[in-house]
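Here, each number is a calculation from the coordinates, and none is a lab measurement. Here the structure is a predicted model, which means the values were calculated and not measured. Positions of Cβ are backbone-derived with ideal geometry, glycine not excepted, and every protein chain shown enters the neighbour counts.
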Amino acid sequence: MRRSDFALRVVQEDGEEFLVLIEFQTHWQRDMPQRMLEYRARHVLREGLDALTVLMLTLPSPAATDHYQDREVDYRYRLVKLYELDAAEVIRERRLCLLPLAPLMRGGVALAAEADALIVDSNLADETKADMLTTMTLLAGLVSEDLALRLLN
């Protein structure tokens, strides 16, 4: 049985609860919209909560879409094209949680060392820093083998 990469239960300050379902996909696949609908339906049924569904696409694809429609269904989800996000802005705003994704973003290969340094110099727990740096190194390998080796060293 398929499952989404991350299923999070969110409780807002006003007490509203909902799910956030996050799927990471390296290459676009033609059946992604149907799979996103499947993930959403399964989680909503199991948890009895509304859901926000997000697809994080790593590598460019002109076919990528945030919409699925057939005779009965008209479904939209959030499509985040990581390669279109600006790595410089993430670094400038010091968005620590997004720094491991920086190499995948526009201009990210050139700014990866700066993202690395921000993580190392942050006040995060050493274990969290290690996880973030490892994640960044692995993801960097998707866009540049050389960068992944530099980060690993």
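Some notes on this structure:
- Charge tally around GLU84: other residues with Cβ under 15 Å, Lys/Arg +1 each, Asp/Glu -1 each, net 0.
- Net +/- balance of residues flanking SER61 in space, Cβ distance below 11 Å, scoring K and R +1, D and E -1: +2
- In terms of Cα atoms, the Rg and Dmax of region 86-152 work out to 10.5, 29 Å.
- Taking every DSSP bridge with both residues inside region 29-153, close to 40 percent are antiparallel.
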